[in-house]
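**Student:** Take this structure first; my questions come after.
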Amino acid sequence: MDWLTDNYVNILRGFGETLRLLGASGALALVLGTLVALARVSPVPILRGVGTFYVTIFRNTPLLVLILIAYYGLPEIGIDFGFFINISLAMGTYTAAFVAEAIRSGFNGVPLGQAEAARAIGMPFMTSMSQVVLPQAFRLVVPPMASVYIALTKNTSLAATFGIAEATFRMRGLFNDYASQMIQIFVGISLGYILIVAVISWIATAFERRWAVA
Amino acid sequence: MVDTATPMVAMRGVQKWFGELHVLQDIDFEVAAGEVVVVIGPSGSGKSTLCRTINRLETIDEGTIEVDGKKLPAEGKQLAELRADVGMVFQSFNLFAHKTVLENVTLGPIKVRGAKKSDAEKRAHELLERVGVEAQAAKLPAQLSGGQQQRVAIARALAMDPKVMLFDEPTSALDPEMIKEVLDTMIDLAKGGMTMIVVTHEMGFARTAADRVVFMSDGRIVEENTPEEFFTNPRSDRAKDFLGKILKH
Ligand SMILES: Nc1ncnc2c1ncn2[C@@H]1O[C@H](COP(=O)(O)OP(=O)(O)O)[C@@H](O)[C@H]1O
Ligand SMILES: [Mg+2]
């Protein structure tokens with residue numbers, strides 16, 4: 001276990017970097033994905049078109065291709081915020097397409113009769129949204145959102161190839177230095193990822209409980 | 001009990017199309033304050049659409065609709081105010097799924113009428129008592145039977161102190177043993193002087209509680225009469241044909 005005792009600071013730093021990637025790209029995905037979802041359900045045809053176009057492009061392009069574009073392509077045309085931010089941009093824009101789809105499916109899952117009943121007792125549009133439709137949509141959005149963020153957690157490991165010193169990058173370094181303890185290292189690092197995913201699932205379950213309807 | 005001065009609901013020359021389908025044709029229809037009108041007719045004849053135009057859940061293409069002497073406003077604050085005065089009970093209950101029974105009844109008074117929470121809750125308990133589901137106040141709608149849910153929906157509408165109540169096939173989604181409990185609640189309301197427009201095929205209700213039956217077919221009001229006359233002595237062929245079909249079952 002000397003790989004662990006001698007390197008735990010670096011390993012923790014690696015997971016810190018993983019969490020930073022997850023936080024930066026996850027936050028971008030949440031904001032952008034919500035905007036794209038609103039565009040897709042809006043009454044304005046152009047906005048709906050833009051939203052659909054976005055989802056089609058970013059959901060169907062391999063993430064590695066987007067990262068390659070962000071890493072090599074964007075600096076060429078003068079968009080260079082450094083490796084970390086450029087890679088987070090790629091992961092965030094990619095994940096936003098999935099966030100948008102999760103949110104849209106949540107909205108579509110709230111029966112039309114709920115909004116009608118709210119309007120029928122005299123609630124203005126915004127009140128019926130905030131009191132009746134959104135709270136129910138959130139609950140439906142939670143499970144697919146958890147899946148999206150779990151996938152993103154694992155996707156952050158792609159950044160290892162591009163010199164971001166996150167958990168998988170550290171694992172490869174340890175493989176070189178402690179070749180005989182490869183299995184232990186592999187299991188140890190995997191447990192770190194599993195812990196992150198478990199926390200996401202736990203948060204999702206807490207939200208679902210809070211917004212339960214039966 | 002029926003006051004004929006200003007009608008509570010007045011539809012004049014109303015036309016509505018869904019694309020090519022002329023779903024409401026030349027509708028002239030008045031309901032007096034305190035009157036109970038049953039709307040009956042084959043499926044697809046426009047009964048739900050008629051109901052839904054009265055609180056503007058559906059817009060109309062021509063004609064006018066007045067509620068208590070006031071023209072239906074377009075979207076916005078005034079429309080919301082009018083809707084608060086028109087109670088609606090749906091076939092599929094549409095209780096707010098994420099709110100308790102009590103919250104379902106207090107939400108409108110608090111958020112729309114600006115009532116104090118404690119006042120709204122006191123009133124809600126009275127109404128739930130009146131429709132016989134007070135014991136379920138803390139439960140979520142999904143934990144109630146269909147009949148109980150529909151009675152909560154009636155209490156929710158009553159909590160707004162509506163001037164008129166619309167019922168769109170309120171018992172069609174219910175198991176037979178629950179139909180009576182909902183109809184009894186509605187009969188009590190009718191006896192209490194509530195102005196009601198009720199889409200239903202329940203003849204027992206029509207005979208007990210209705211002042212008038214309106215028969216619709218293909219988007220038109222074909223015949224109007226007292227329940228007794230309509231059921232025993234329909235004039236139009238379409239009404240005879242329709243009654244022949246529902247009476248056999
Ligand atoms: N939103 C809608 N869009 C298009 N057609 C509709 C819509 N709602 C109802 N219709 C059609 O209008 C006709 C009347 O419907 P409805 O008022 O629900 O009849 P009823 O309640 O008497 O069964 C039906 O042919 C129905 O298919
Ligand atoms: Mg109908």
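The values are calculated or read from the model by the stated rules, or taken from the named source; none is laboratory data. This structure is a prediction, so every number in the text was calculated from the model and none was measured. Don't worry about glycine lacking a Cβ; one is built from the backbone with ideal geometry, like all the others, and counts go over all protein chains shown. With ligands, DNA and RNA removed, areas are computed over all heavy atoms of the protein, side chains included. Shrake-Rupley method; radii C 1.70, N 1.55, O 1.52, S 1.80 Å.
**Student:** Of all the strands (runs of 3 or more DSSP E) wholly in the stretch B:156-249, which have at least 3 residues that are surrounded by 15 or more Cβ atoms within 10 Å (Cβ to Cβ) and not β-branched (Val, Ile, Thr)?
**Tutor:** B:164-168, B:212-217, B:220-225
**Student:** Restricted to the stretch B:42-60, and to residues that are part of a loop (DSSP other than H, G, I, E, B) and more than 6 Å from ligand 1 (Cβ to nearest atom), which residue is farthest from the other protein chains (Cβ to nearest Cβ)?
**Tutor:** Per the criteria, the residue is B:Pro42.
**Student:** What pairs come up if the first residue lies in the stretch A:154-172 and is at negative phi, the second is buried (at least 20 other Cβ atoms within 10 Å of the Cβ) and not in a helix (DSSP H, G or I), and their beta carbons are under 8 Å apart, counting only those six or more places apart or on different chains?
**Tutor:** A:Thr156/A:Glu166; A:Ser157/A:Glu166; A:Ala159/A:Glu166; A:Ala160/A:Glu166
**Student:** When you scan the stretch A:37-52, do you find a residue that is without any contact (Cβ under 8 Å) to a residue 24 or more places away in the chain, touching a Ser or Thr at 6+ places or on another chain (Cβ under 7 Å) and part of a helix (DSSP H, G or I), even just one?
**Tutor:** yes
**Student:** Can you find a residue that is at the interface with chain B (Cβ under 10 Å from one of its Cβ atoms) and not acidic (Asp, Glu) anywhere in the stretch A:65-75?
**Tutor:** No, the stretch A:65-75 has no match at all.
**Student:** Follow-up question, since we're still on this one. Within the stretch B:134-175, track down each residue that is over 17 Å from the mean Cα position of the chain (by Cα) and among the basic types (Lys, Arg).
**Tutor:** Once the filter is applied, which keeps residues that are over 17 Å from the mean Cα position of the chain (by Cα) and among the basic types (Lys, Arg), the stretch B:134-175 yields only B:Lys139.
**Student:** Now, a different point. Restricting attention to the stretch A:131-185, which residues are away from chain B (no Cβ under 14 Å), more than 23 Å from A:Ser25 (Cα to Cα) and open to solvent by less than 20 Å² (accessible area, probe 1.4 Å)?
**Tutor:** Selection gives A:Leu174, A:Ile185.
**Student:** Considering every residue within the stretch A:153-169, establish whether at least one is in contact with a Ser or Thr (Cβ under 6 Å, 6 or more places away or on another chain) and assigned to a loop (DSSP other than H, G, I, E, B).
**Tutor:** yes
**Student:** Sticking with this structure for a sec: Give A:Ala24, A:Ala90, A:Ala39, A:Ala117 a once-over and let me know the one that is farther than 20 Å from A:Glu166 by Cβ, surrounded by 18 or more Cβ atoms within 10 Å (Cβ to Cβ) and modelled with pLDDT of 95 or more.
**Tutor:** Just one listed residue meets the conditions, A:Ala117.
**Student:** Which of the numbered conditions does B:Glu30 fail, given that it passes all the others? Conditions: (1) within 16 Å of ligand 1 (Cβ to nearest atom); (2) part of a strand (DSSP E or B); (3) open to solvent by 50 Å² or more (accessible area, probe 1.4 Å).
**Tutor:** (1)
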